[in-house]
1. Mind telling me which of the residues ILE107, ILE148 ends up being surrounded by 12 or more Cβ atoms within 10 Å (Cβ to Cβ) and touching a residue at least 12 places away in the same chain (Cβ under 8 Å)?
2. Can you tell me which of (1) open to solvent by 30 Å² or more (accessible area, probe 1.4 Å); (2) not in a loop (DSSP other than H, G, I, E, B) is the one ASN100 doesn't meet?
3. In this structure, is ILE125 in contact with a Leu (Cβ under 8 Å, 6 or more places away or on another chain) and either over 25 Å from ARG240 (Cα atoms) or among the aliphatic types (A, V, I, L, M) (or both)?
4. Tally up the residues in the range 126-141 that are open to solvent by 10 Å² or more (accessible area, probe 1.4 Å) and modelled with pLDDT of 95 or more, please.
5. When you look at GLY164, is it in a loop (DSSP other than H, G, I, E, B) and open to solvent by less than 30 Å² (accessible area, probe 1.4 Å), yes or no?
6. Assigned to a strand (DSSP E or B), aromatic (Phe, Trp, Tyr) and farther than 25 Å from TYR180 by Cα, is that true of TYR250?
7. From the list GLU244, GLU228, which one is closer than 25 Å to PHE88 by Cβ, of a type in the set (D, E, K, R), surrounded by fewer than 17 Cβ atoms within 10 Å (Cβ to Cβ) and at pLDDT 90 or above?
8. Working only within the range 268-284, note down all residues that are open to solvent by 20 Å² or more (accessible area, probe 1.4 Å) and either at pLDDT below 90 or touching a strand residue (DSSP E or B) at 6+ places or on another chain (Cβ under 6 Å) (or both).
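The values are calculated or read from the model by the stated rules, or taken from the named source; none is laboratory data. Being a predicted model, the structure only gives us computed values, none of them experimental. Cβ placement follows ideal geometry from the backbone for every residue including glycine, while neighbour counts extend to all protein chains displayed. Surface accessibility is based on the protein's heavy atoms, side chains included, excluding ligands, DNA and RNA. Shrake-Rupley method; radii C 1.70, N 1.55, O 1.52, S 1.80 Å.
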Amino acid sequence: MKFNTIYTLKFMAFFLIFILSGCLNYKESFDMKMNGKIIIPISNTSSKFSDLKGLVEYNLEDKKNKVVLEKTFLSYPSYNGDRSKVMFLENNNLFEYDFNTGSIVKILSENNIERPKYVPNSNCISYINYCKNLSSLIIYNLKTREKIKINNVGVGEYSWSNDGKSFVYNKDTSKDYTIYKYDLKSGVSKCLFEGRWPVYSSDNKYMAYFAPGSLYNKIIVRNIETGEEIKSKYSGQYFRFSPEGDKLAYTKSSGKYEEDLIIWDYKVDKIYTLIRGNRFNLGFDWG
């Protein structure tokens with residue numbers, strides 16, 4: 001009986017140390033300096049923006065937000081290079097909103113569109129189209145309305161280089177944990193390293209991705225030049241770099257149907273919870 005009591009006390013002490021060490025590693029920074037704007041589709045009322053619905057732009061410098069559009073069922077917002085425009089999906093329709101003029105233009109209508117992005121240094125956009133369980137990356141010229149289909153690689157998540165000449169991607173399969181680089185001119189894919197869901201920083205000096213085979217979606221930030229990896233202690237679901245590339249915003253599950261939006265200063269390993277209890281399965285962008 002005495003042995004069991006001692007064993008129980010030791011186990012409880014070990015468990016308490018484990019919990020406390022985890023809490024100490026979770027450094028929440030309330031004085032973190034943040035720049036730029038985050039664009040978020042708000043589709044419910046259980047969030048920091050409980051009085052807002054639609055496409056919301058949050059200014060990180062003055063901590064103010066505004067409704068850009070009062071539409072619902074929006075997804076995958078994406079800024080262009082100078083943040084003068086934002087592209088987004090509404091059901092099967094792809095739209096572009098101009099901040100300067102307040103005008104909305106329908107770019108195209110097509111079934112099964114996902115993950116639209118601007119192609120840097122071009123008049124083009126890109127998106128993934130799913131047809132009969134196969135995915136193709138479509139490059140669409142906004143002026144000529146011509147389409148180029150890249151269907152020989154099976155793209156899942158992808159991210160453009162800042163010169164618009166190549167993109168990194170994962171294959172559209174849960175069994176592949178390899179990041180590839182596709183060159184538009186040669187049409188050749190090159191295997192880079194293991195990881196999932198790659199995202200470039202705007203200067204292409206860093207790349208963020210999920211650890212290969214990670215059950216809990218641990219995020220890694222990699223220095224492209226040196227190959228150095230910064231591994232997070234945190235799990236994420238969707239992430240984007242800050243305009244300067246020094247921080248990463250990611251979503252973290254906080255309930256059955258809710259996520260928090262976290263800012264991670266990965267160079268000093270500090271975090272800040274920007275928004276609690278929203279649904280970010282519709283994506284966001286930081287520009």
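1. Exactly one of ILE107, ILE148 is surrounded by 12 or more Cβ atoms within 10 Å (Cβ to Cβ) and touching a residue at least 12 places away in the same chain (Cβ under 8 Å), namely ILE107.
2. The one condition ASN100 does not meet is (2).
3. Numbers: in contact with a Leu (Cβ under 8 Å, 6 or more places away or on another chain): yes; either over 25 Å from ARG240 (Cα atoms) or among the aliphatic types (A, V, I, L, M) (or both): yes.
Answer is yes for this residue.
4. 3
5. On the way: in a loop (DSSP other than H, G, I, E, B): yes; open to solvent by less than 30 Å² (accessible area, probe 1.4 Å): yes.
So GLY164 passes the test.
6. Working: assigned to a strand (DSSP E or B): yes; aromatic (Phe, Trp, Tyr): yes; farther than 25 Å from TYR180 by Cα: no.
Taking the combined requirement at face value, the residue does not satisfy it.
7. Details: GLU228 fails: closer than 25 Å to PHE88 by Cβ.
Just a single option satisfies the conditions, and that option is GLU244.
8. TYR272, ARG276, ARG279, ASN281, LEU282 - these are the residues of the range 268-284 that are open to solvent by 20 Å² or more (accessible area, probe 1.4 Å) and either at pLDDT below 90 or touching a strand residue (DSSP E or B) at 6+ places or on another chain (Cβ under 6 Å) (or both).
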